[in-house]
Amino acid sequence: MQMRTASMISTGLHAAVLLFAVVTFTGKSLEATPVEALPVDLLSEKEFSEMTKGVKDAPKPDKPKPLVEKIDTPKPVEQQAPKIDTKKEIAPTAEKPPEPKPPEPKKEAKAEPEKPAQETPKPDPIAEKLKQPDKPKQETKTEQPKKPDKPEKKPPKFDASKIAALLDKRDPTRNAATGSELSSSPSLGTASGLAAQLSQSEIDALRARLMALWNPPVGAQDANSVQITIRIRFKRDGTLEIGPQVLTSGSGVQFNAMRDSAVRAVLVGQPYTMLRPDHYDSWKEIDFTFDTKEMFHDIPVRRPL
Amino acid sequence: MNPADVAQSVLPLTSSDLSLFTLFWHAHWIVKLVMIGLLVCSVWVWAIAIDKTVLFNRTRRAMDRFEQAFWSGQSLDELYRSLSAKPSHSMEALFVAAMREWKRSFEGPQRSIAGLQMRIEKVMQVTIAREIERLERRLLVLATIGSAGPFVGLFGTVWGIMTSFQSIAASKNTSLAVVAPGIAEALFATAIGLVAAIPATIFYNKFAGEVNKQAQRLEGFADEFSAILSRQIDDRE
């Protein structure tokens, strides 16, 4: 039947196309070098705050290496002082030796006129002509002694301040140098590091204590977020050095009630034994914020960090 | 299905041997089934396309030939005698059916001219319907493959990607070398689906238009012929 031949043709066509595809279709492998894994550590806030804490018994590095930001072979600063050229100074003296030469032709000139004078007393025009050049030679003779004076007018200038300017070519704004090695020595805490600070647990303890003691006036929870920041100065034993200072300014009955309640909480809470005396410097003065809205999630504002 | 098996079935396929055969061979059996089914569909689509192309060409040529004979001035009885001997299609069949009804009405023991006109038209309508049915046969297959092929291929792809993700989970390795082969073989299913569906859609549209054209031609001839016969009937009365 007609359909059978058609399907046979179709099958043959497909077989041919498939065969062609199998032969030609190959995935070329893309050359991609595996990327080096970038290690990432997850730190809790407490771990992070303790990370930069200096350790007093850390081993001392035998040689503190200079802090460098780039690895490079240290370049010697080029000596750019002007070279003192001694040759020029010698030059005027070297020119001197030719000076004695001019007298030689003079002798010849003088000798020649003598011979004709012996033979013929007639004045020889040639002799006269030869005598005439004598005059300019004598003039040059007188001028030559002046020549050595000229080079002496330019003595090599040796300005010390200029050399200093050439030497210090580094940009004054740069704050690190290149060196042969990156400094890997552990420091005992940098200036901006959070060394010897309050650990998160201490802050949490302090906050928990204050929040537990804080009894905001009735209705304060419904009001808009009211924040009262109080500066607390501690003594070493955890008691208050002076009374709590209210930094937030405001007015109104509700604000006063709120402020008083916060001050009360601070006063009642002492002594704050959760603060370790060895970190006294960091909690000597603390700004603590009482927030009605975030009463249970607030973060104290720390001053001397 | 055991994830370890999936991992083993996918992992040996590295990016270095992504030939067509390995793509097929490493695929999940459901994906394989989809691929084979789509390949068979593609073969079927092209078979139908070849068949229909030949059929339509032949029909058109037969119509041209018949119309030439019909309008050549030859007597209709003669033409009928020459055509009724062998089975015929399209316009010839239309003519033969109408003539047969005509002759039966006049050559019977009693002449029944009263409803002859209506009978002839009915017979011609039926013949046209039969002819169109013959031309349209299997075109629905093309339509179905054209619309469903991509979906079937997509199903294979989704399944293949599912298994490749299972293999990722099993091997606990998300590098592209693990993921890529599975996805490549999965996409292969969609590719075959499209290869089957695109020609199917194109051929379906083409043949549907062709059927329409030929049907109109048959209708036109039927109207013309029935007008001629109607005049003949009126003359006989």
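We did not get these values from a lab; they are worked out from the coordinates using the rules stated. Not measured: the values here are computed from a predicted model. Here Cβ is always computed from backbone atoms with ideal geometry, including for glycine, and neighbour counts include all displayed protein chains.
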For A:L247, residues with placed amide H under 5 Å, excluding near neighbours = A:T229, A:I230, A:R231
Remind me, relative contact order of chain B in percent, using alpha carbon pairs under 8 angstrom and six or more residues apart?
-> 35
Residues other than A:G252 with Cβ under 14 Å of its Cβ, Lys/Arg counted +1 and Asp/Glu -1, net out at 0
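Counting pairwise Cα distances across region B:22-156, what percent come out greater than 22 angstrom?
The share of Cα pairs beyond 22 Å in region B:22-156 comes to 58 percent.
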Any residue on another chain or 5+ positions along whose placed amide H is under 5 Å from the amide H of B:S19 is listed here as A:G27
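Rounded to whole Å and ordered largest first, report the semi-axes of the equivalent ellipsoid of chain B derived from its Cα gyration tensor (root of 5λ). Walk me through the intermediate numbers first.
Working: eigenvalues 769, 43, 28 Å².
Semi-axis lengths for chain B are 62, 15, 12 Å.
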Using the 10 angstrom Cβ neighbour count as an exposure proxy, how do A:I242, A:I232 rank, fewest first?
-> A:I242, A:I232
dims of region B:178-219, Cα set, principal axes, largest to smallest, nearest Å -> 63, 7, 7
Gained length - B:S147 relative to B:R61, 0.36 nm times residue gap less alpha-carbon distance = 27.8 nm
How large is ³J(HN,Hα) for each residue in region B:51-63, as worked out from phi by the Karplus curve 6.51 cos²θ - 1.76 cosθ + 1.60 (θ = phi - 60°), to whole Hz, x for Gly and Pro?
-> 4, 5, 4, 4, 4, 5, 4, 5, 4, 4, 5, 4, 4
The residues B:K206, B:K86, sorted from fewest to most surrounding Cβ atoms within 10 Å, come out as B:K86, B:K206
Say a paramagnetic label sat at a point 7 Å from the Cα of A:F20, along Cα to Cβ; which residues of region B:20-37 have their backbone N under 19 Å from it?
-> B:20-21
Assuming R0 = 45 Å, can you tell me the calculated FRET efficiency for the pair A:A205 and B:K172, based on Cβ-Cβ distance, to the nearest 0.05?
-> 0.65
Fewest-first sequence of B:S230, A:S249 by Cβ atoms within 10 Å of each Cβ = A:S249, B:S230
Using the Karplus curve 6.51 cos²θ - 1.76 cosθ + 1.60 with θ = phi - 60°, work out ³J(HN,Hα) for each residue of region A:280-291 in order, rounded to whole Hz, and write x for Gly and Pro.
-> 3, 4, 7, 10, 4, 9, 10, 9, 10, 10, 8, 10
What spacing in nm lies between the two simple spin-label points modelled at A:F48 and B:S88, each 7 Å away from Cα in the Cβ direction?
-> 9.4
Report the FRET efficiency, 1/(1 + (r/R0)^6), for B:W25 and B:R130, where r is their Cβ-Cβ distance and R0 is 60 Å, rounded to 0.05.
-> 0.80
Spin-label point model (7 Å from Cα, Cβ direction): what's the B:S75 to B:K122 distance in nm?
-> 3.0
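Would you work out the charge dipole size for region A:200-291 about its Cα centre, treating the Cβ of every Lys and Arg as +1 and the Cβ of every Asp and Glu as -1, and quote it to the nearest 20 debye?
Its charge dipole is roughly 180 debye.
Once you charge only the Cβ atoms, +1 for Lys and Arg and -1 for Asp and Glu, what is the size of the charge dipole of region B:114-207 about its Cα centre, to the nearest 20 debye?
In total the dipole reaches around 240 debye.
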Convert each backbone phi in region B:214-228 into a coupling constant with the Karplus relation 6.51 cos²θ - 1.76 cosθ + 1.60 (shift: θ = phi - 60°), then list the ³J(HN,Hα) values in order as whole Hz, x for Gly and Pro.
-> 5, 4, 5, 5, 5, 4, x, 5, 4, 4, 4, 5, 5, 5, 4
Volume in Å³ per residue [convex hull over Cα atoms, computed for region A:200-291] = 89
So, with points 7 Å from each Cα along the Cβ direction, the A:T229-A:Y280 label distance in nm works out to 2.7
If you put +1 on each Lys and Arg Cβ and -1 on each Asp and Glu Cβ, how big is the dipole of chain B around its Cα centre, in Debye rounded to 20?
-> 260
